[in-house]
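Below is one structure, written out as structure tokens; the observations come after it.
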Amino acid sequence: MNATMLDDDLYNKELLKLAGKGDCRLDHPDYSITHDNPLCGDRITIELEMEGNVIKNIGYKARACALCKASAQLIKELAPGHDLPYLQDFHGKLKTHMKENQSLKFSGNWKFFNVFQPVIKIKNRHTCVLLPFEALVKIERKN
């Protein structure tokens, strides 16, 4: 497999479409946390509006690669209606699948994370996909 093929697989159309949606900040978030990846320079700010323990809305600002932006966008679209422990459980599953080189075969709405299947082969890019979840971990610890 040459580098061009790998890049085409890694940055597929679905992923680039997600990443291209851009930042979407919240006017009055209940929580806001910024998390950095010092190895690559990615930075993400995640904002949450909560209704009790349930996420009502998510916003984010990303100075990051397409992988991180696409992951943040999927979280924004899929997380409302869930609580932080639910997201952390999914984060753990995604992280384990990537680390153990397992196929991503998520179901339901979370199947959209299967778009990151090509990332599994490139260990140093796992943190890009997981960075938005790591920010959520920091929010959960503050509660």
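It is to be established whether one or more residues within the range 20-32 are aliphatic (A, V, I, L, M), surrounded by fewer than 20 Cβ atoms within 10 Å (Cβ to Cβ), in contact (Cβ under 8 Å) with a residue 12 or more places away in the chain and within 17 Å of residue 130 (Cβ to Cβ). Quick ask: steps written out before the conclusion?
Restricting attention to the range 20-32, the residues satisfying the condition of being aliphatic (A, V, I, L, M) are 26.
Filter once more, so that each one left must be surrounded by fewer than 20 Cβ atoms within 10 Å (Cβ to Cβ): 26.
Narrowing further to those that are in contact (Cβ under 8 Å) with a residue 12 or more places away in the chain: 26.
Narrowing the set further to residues that are within 17 Å of residue 130 (Cβ to Cβ) leaves none.
No.
Suppose we keep only residues that are outside any strand (DSSP E or B) and hydroxyl-bearing (Ser, Thr, Tyr) within the range 1-47. Which one would you say is modelled with the lowest pLDDT? Lay out the reasoning, then the answer.
Keep residues of the range 1-47 that are outside any strand (DSSP E or B), which gives 1-23, 25-30, 38-41.
Keeping just the survivors that are hydroxyl-bearing (Ser, Thr, Tyr) gives 4, 11.
Details: 4: 39, 11: 78.
Of everything passing the filter in the range 1-47, 4 is modelled with the lowest pLDDT.
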I need every pair where a residue in the range 83-104 that is loosely packed, with under 11 Cβ neighbours inside 10 Å has its Cβ under 7 Å from the Cβ of a residue that is at pLDDT below 95, sequence separation at least 6 or different chains. 101/120; 103/117
Of the residues 91, 97, only one is in contact with a Ser or Thr (Cβ under 8 Å, 6 or more places away or on another chain), part of a helix (DSSP H, G or I) and under 24 Å from residue 122 (Cα atoms); which? 97
In the set 77, 47, the lone residue that is surrounded by fewer than 17 Cβ atoms within 10 Å (Cβ to Cβ) and acidic (Asp, Glu) is 77
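Among the candidates 62, 72, which residue alone is part of a strand (DSSP E or B), buried (at least 21 other Cβ atoms within 10 Å of the Cβ) and in contact with a strand residue (DSSP E or B) (Cβ under 6 Å, 6 or more places away or on another chain)?
Numbers: 72 fails: part of a strand (DSSP E or B).
Being part of a strand (DSSP E or B), buried (at least 21 other Cβ atoms within 10 Å of the Cβ) and in contact with a strand residue (DSSP E or B) (Cβ under 6 Å, 6 or more places away or on another chain) holds for just one of 62, 72, which is 62.
The values are calculated or read from the model by the stated rules, or taken from the named source; none is laboratory data. Predicted model, so just to flag it, every value in this text is computed and none were measured. Don't worry about glycine lacking a Cβ; one is built from the backbone with ideal geometry, like all the others, and counts go over all protein chains shown.
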